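The values are calculated or read from the model by the stated rules, or taken from the named source; none is laboratory data. Computed from a predicted structure; not experimentally measured. Cβ sites come from the backbone with ideal geometry, for glycine too, and all protein chains shown count toward neighbours.
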C-alpha cells in the first residue's frame, strides 16, 4: 500500500480523539462501512452517535447540503426517523480537523439510529420488502419541496447521468459486455422520456448498509434509511429504481421482490403509469453504474472491499433482468400499484361487452347443441386418481366415454383452472419463499376428434405460425392479430393444431371471420395429448413471437388473467362461467361455528388440501407440499395399489364379519406373517383408539384387575378409556390429572429427562417396580403395562437398551400383561424391524395397530397371544360392525403387500439413516439442534438453548417457515420443542435432500439464531 493511499485513512483511536476534541464526547469508536466518508459508531453510556470524517479536500458546501437535507427531513418528514445533526463545541454543524499530515478534514456528528442494517437481516420477506418501499417512498414525498444548489451536480451515481458508463464498456467482455451494451442502448432510447418525468431531490442510495431494520426477528420492518450523501436532483422514479436495484439482490425471483417494494413505495408516494413504464430500464441502469464503478474501483483501491460488496449480486440481477421483457416487468409494476396489468384491459372489456361470438363458429361442423364444462381442477372427482391423467391413454378413454354419454355437448372449459398435471418439475419455479408451480390454466380447451376444423371467429392477420413440437411437448400454434373496431388491438392463440395446419395460412395473411385456419392435432402431433384445441385471448404478447404462456403461478393470476382475459367475455356462455372454488376463510369460519369447538388446524395460515400424491399433499391451487408428518399415509398418499384394492372391493361387497369372506382371512394371514408365532390371534377394529380400548378391555378381563402403568406424555387414543391412560392428555390443558387406576412412570428421556446419559436403563425401569409396589400396597394388582417402542408425542424418544426387557419382566412377575402400542411406529417404519417392539428383544402379550395399516382408511387391529385371546373369550361376544369388513381388509392387504413388494421397510431404514446423518451435519453447524433420535422414518430432533433449555418458539417458527418452502413439519414433545419426521415410506433420498436443504435455510435465519 503506498503512503498516499495509507494517509487517507482515519483509525478508531483517531476517531475517538476527534470526538473528544471537537464535540466533547468521550466514547469508544467502532469503524463502520462507507464509500466516501470514514464512518464510526460512538458508544457512550447514555447515547450512541455516528461520527463522519471526510477525506481531505472534501467540498464543504456539499456537506452543508447534506446537513440541510437532514434538517428538512427532521422538520417536515411525516413519521420519518432520520439522523439528527449535532453542532460542535464552536457551534458549527460541520467541524474542521487537521490530520497529522496537515490535511484539512470536515467532521459531522449525527445521532445513531438503532437497529440492524439490511445486509445483516435474514430472511428478507415480502412484508419487509414492502416496508422498505414504504419508508423510501416517505422520503421521496418529503423531499419533493426541498432543493439546494449542490443537489444539481454532475454525479456518477445519478441514473439520469449514466451515459458516462458508455466510455467504460471495454472494462467488460463476453456475455457481460453484451448485457451492459444492451441496457446502455435501452437507456439512451428512453432518455428523453425520463427527462419529462417528475424531478426533485431524492435520497438515491437505499443500499444494504443504509437501511436500518427493527430488532423484531419474526416480523421486522424498516425503521429508517440513513446516509444522505448520494442525494441528488433527478427524476424521482430513479430513487425507486435505486431501492429496487439493491432489494432485488440474492432473490430467486426479482419480479416478486420488486412487486413488494413497489407496493409499499406507492402507498407513500403514488407512482404514475409513465414512470412505471421506464422502471425496468432504470433498475438496469443503476446496476450498470454499480458494476462499472466496481470495475473501476478495483483498479483504484484494490483493498477496499466496500467498493465491490454489491458486484456479484448485481451481476446476478442483471443476468436475470435481461431475460424479463420490459412489457412483462411493467405489467408486474402496475399490479403492485393497484393498476390493471395492461393499460388496455378496461378498453378491451368495454369492447367485449358488445360482442357475442358464436362458439360454434370457432368449431363448426361438430353438431353440438350445448356445452359441457369439464372439471379438470386439482380436486376434480371426475379426473380422479393420478393414473387417470398421468396416462394419456386413460384420459383419452375417459374423454371418449364422457363424449359418448353427452353426444350433443361440446366438452370444454378450463379457464383460470388449477390443474394437477401442472404440479410437476416441468412447471416448477423457485420463488423467494420456496418452490411454486405454474398450475393456473390461462386458456380454454375444446375437446373433439383429431382433424376437427378450426375457424377464425373474427377478422384478423396471421401474426405467427410455429411448430412448437420442435422445442415443446405440443404441436403447431397459430396466433392471429385483431384490431377491434372502436377497441384495442388483441390476439387470439390456437394451440395443439395438426401439422397439416401449417400449410393453411402464412404470416401476414389477412384472415376473414369464419375462415378455416387449422385442424385439431392428434396425439402424436401434440406430445401424446388428447385431441383438443387450446384457445387463448392475449392483450400483449410481451415480445413473444411464436407462443405465449398458457399457465401461470397462482399468486400471479391477477396479472396474467388481465394479459390473457377470459374468452367467455366474448362467448357469453353461462355454462363456461368460472367455477368459484371454496374460499379458505369461509371454510375456516364454518368449521369454527359448526364443527367441534376443540378442533384445530395446522399452521398459522391454514392449508386447503384437496389431493394427495405419494409423499406430497396438494392444495386447491396445485401447490405441492412435501409431507414429513403424515404417518397415516404409510405407503404414500393415494397409493394406486391401495386405491385399486379398495374401489374394486367396494364395487362388489362391503358387509360385516358375520358372513364368511375370503378377504378377512387373506388379510389376517398377511398381517400375522409379520409377527413372531407367539402372537397369532387378530381382532380387527377401526382406529388406533379403538384398538387400545379393546386391548385395555382384554387386559381387564384376562387379569381381573383395573390398574394400568403407562408413560409420562404417553398418548394412546381419544376414547374415555384411552384418555384415562394418556398423560399427554390428562396432564395437559383441560385435563384433570391421572385417574385412580392409572399410574405414570417418568418419560425415559436420556437426553433431557429425569436421568441422563448412557446408563439410565435400570434407573428408569425401577419406576415401573415402584408403581407395581404402589398398586399392590392398595390391595390391588396391575392389569397391564402399555408402552410405545419409540415414544411419539413425548418427542420421538428412543427407549434405552434393555428398558422394555426389565419392565416386561417386572410386570409379568406381578401377573400383568404387556401391551405394545404400535399405532404410530409399526408396519416397517422403524426400518430395522417390521414392528417397533422387535427393536427391544421382547414379545408383548398384546399389540395394537392403527394409522399405517389402512393408509388413511379407518382400519386398525389388535394382535395377541392365544392365551390372551382365550382368556378374553369369556362368553361375552366382541363384535364390531365395521371391523374386518371386506373393503377394509382388501385395503389392509394391499398396504402390507406394498410395503413388502416395494421394499419400503428397507427404504425406511436407508433413507432414515441418510437423513439422520444429514441432521447431524446440520447440528454441527447449528448447535440449536440439541438432540437427534429415532429409527428409520420415525425421527425427531429437538431445539435447545443454553443448559438444554427447550426452545418452543423456535420450533414453532421453524415448522411454519418450512411450510412456506413447501415442506410440512410439526412439533411435539413435553415442551413442544421437538420437530417430528415421520413421512410416508415412499419418502426417498431426494426428498431427504430437499428437507435438509430447507432446514439449513431456515436454521440460518435470525430468529433461529436468537436463543435467549
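Summary table below
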{"quantity": "Number of positions in the stretch 249-290 that are outside any helix (DSSP H, G or I) and closer than 18 Å to residue 236 by Cβ", "calculated": "4"}
{"quantity": "So residue 453, is it surrounded by fewer than 20 Cβ atoms within 10 Å (Cβ to Cβ), more than 24 Å from residue 994 (Cβ to Cβ) and in contact (Cβ under 8 Å) with a residue 12 or more places away in the chain", "calculated": "yes"}
{"quantity": "Among (1) buried (at least 24 other Cβ atoms within 10 Å of the Cβ); (2) touching a helix residue (DSSP H, G or I) at 6+ places or on another chain (Cβ under 6 Å); (3) within 28 Å of residue 884 (Cβ to Cβ) - the single one residue 721 does not satisfy", "calculated": "(1)"}
{"quantity": "Residue among 937, 958, 968, 919 that is in contact with a helix residue (DSSP H, G or I) (Cβ under 6 Å, 6 or more places away or on another chain), modelled with pLDDT of 95 or more and over 20 Å from residue 789 (Cα atoms)", "calculated": "958"}
{"quantity": "Total residues in the stretch 103-134, condition touching a helix residue (DSSP H, G or I) at 6+ places or on another chain (Cβ under 9 Å) and in a loop (DSSP other than H, G, I, E, B)", "calculated": "5"}
{"quantity": "Residue match in the stretch 386-395 (condition: under 30 Å from residue 516 (Cα atoms) and outside any helix (DSSP H, G or I))", "calculated": "no"}
{"quantity": "Hits in the stretch 667-678 - residues which are in contact with a strand residue (DSSP E or B) (Cβ under 6 Å, 6 or more places away or on another chain) and surrounded by 24 or more Cβ atoms within 10 Å (Cβ to Cβ)", "calculated": "none"}
{"quantity": "Within the stretch 485-514, considering residues that are within 42 Å of the chain's Cα centre (by Cα) and assigned to a loop (DSSP other than H, G, I, E, B), the one nearest to residue 534 (Cα to Cα)", "calculated": "496"}
{"quantity": "Residues satisfying the stated conditions in the stretch 714-738, i.e. closer than 20 Å to residue 770 by Cα and out of contact with any strand residue (DSSP E or B) (no Cβ under 9 Å at 6 or more places or on another chain)", "calculated": "737"}
{"quantity": "Elements of type helices (runs of 4 or more DSSP H) contained in the stretch 615-706, each with 3 or more residues being at pLDDT 95 or above and within 16 Å of residue 868 (Cα to Cα)", "calculated": "688-703"}
{"quantity": "Matching entry among 853, 804, 859, 839 (being farther than 19 Å from residue 700 by Cα and free of Cβ contacts under 8 Å to residues at least 60 places away in the same chain)", "calculated": "804"}
{"quantity": "Boolean, residue 254 is farther than 23 Å from residue 66 by Cα, in the same structural domain as residue 311 (by TED's automatic domain parsing) and out of contact with any helix residue (DSSP H, G or I) (no Cβ under 8 Å at 6 or more places or on another chain)", "calculated": "no"}
{"quantity": "For residue 114: the one exception among (1) within 30 Å of residue 961 (Cα to Cα); (2) surrounded by 14 or more Cβ atoms within 10 Å (Cβ to Cβ)", "calculated": "(2)"}
{"quantity": "Selected residue (only one of 479, 517 is assigned to a strand (DSSP E or B) and touching a helix residue (DSSP H, G or I) at 6+ places or on another chain (Cβ under 9 Å))", "calculated": "517"}
{"quantity": "Among (1) surrounded by fewer than 20 Cβ atoms within 10 Å (Cβ to Cβ); (2) within 16 Å of residue 290 (Cβ to Cβ); (3) in contact (Cβ under 8 Å) with a residue 12 or more places away in the chain, the one test that residue 158 misses", "calculated": "(1)"}
{"quantity": "Whichever residue in the stretch 291-304 is without any contact (Cβ under 8 Å) to a residue 12 or more places away in the chain and part of a loop (DSSP other than H, G, I, E, B) and, among such residues, is surrounded by the fewest Cβ atoms within 10 Å (Cβ to Cβ)", "calculated": "302"}
{"quantity": "Criterion violated by residue 741 - all others in (1) surrounded by 20 or more Cβ atoms within 10 Å (Cβ to Cβ); (2) closer than 24 Å to residue 691 by Cβ; (3) in contact with a strand residue (DSSP E or B) (Cβ under 7 Å, 6 or more places away or on another chain) satisfied", "calculated": "(1)"}
{"quantity": "The listed residue being without any contact (Cβ under 8 Å) to a residue 40 or more places away in the chain and surrounded by 20 or more Cβ atoms within 10 Å (Cβ to Cβ), out of 818, 827, 793", "calculated": "818"}
{"quantity": "Any chance residue 46 is at pLDDT below 95, surrounded by 13 or more Cβ atoms within 10 Å (Cβ to Cβ) and either over 17 Å from residue 227 (Cα atoms) or in the same structural domain as residue 232 (by TED's automatic domain parsing) (or both)", "calculated": "no"}
{"quantity": "Test: residue in the stretch 593-601 that is surrounded by fewer than 21 Cβ atoms within 10 Å (Cβ to Cβ) and in contact with a helix residue (DSSP H, G or I) (Cβ under 8 Å, 6 or more places away or on another chain)", "calculated": "yes"}
{"quantity": "Enumeration of residues in the stretch 396-427 that are closer than 18 Å to residue 613 by Cα, touching a strand residue (DSSP E or B) at 6+ places or on another chain (Cβ under 8 Å) and crowded, with 16+ Cβ neighbours inside 10 Å", "calculated": "418, 419, 420, 422, 423, 427"}
{"quantity": "All helices (runs of 4 or more DSSP H) inside the stretch 1-85 with 3 or more residues being in contact with a strand residue (DSSP E or B) (Cβ under 9 Å, 6 or more places away or on another chain)", "calculated": "12-23, 60-76"}
{"quantity": "Residue that is surrounded by fewer than 17 Cβ atoms within 10 Å (Cβ to Cβ), at pLDDT 95 or above, outside any loop (DSSP other than H, G, I, E, B) and in contact with a strand residue (DSSP E or B) (Cβ under 9 Å, 6 or more places away or on another chain), where the choices are 774, 767", "calculated": "774"}
{"quantity": "Segments classed as strands (runs of 3 or more DSSP E), wholly inside the stretch 933-1001, with at least 1 members that are under 27 Å from residue 903 (Cβ atoms), in contact (Cβ under 8 Å) with a residue 40 or more places away in the chain and in the same structural domain as residue 216 (by TED's automatic domain parsing)", "calculated": "none"}
{"quantity": "Residue identified as in contact (Cβ under 8 Å) with a residue 40 or more places away in the chain, over 26 Å from residue 350 (Cα atoms) and surrounded by 16 or more Cβ atoms within 10 Å (Cβ to Cβ) among 496, 532", "calculated": "532"}
{"quantity": "Members of the stretch 773-786 found to be under 21 Å from residue 730 (Cα atoms) and either touching a helix residue (DSSP H, G or I) at 6+ places or on another chain (Cβ under 6 Å) or without any contact (Cβ under 8 Å) to a residue 40 or more places away in the chain (or both), listed by number", "calculated": "774, 782, 783, 784, 785"}
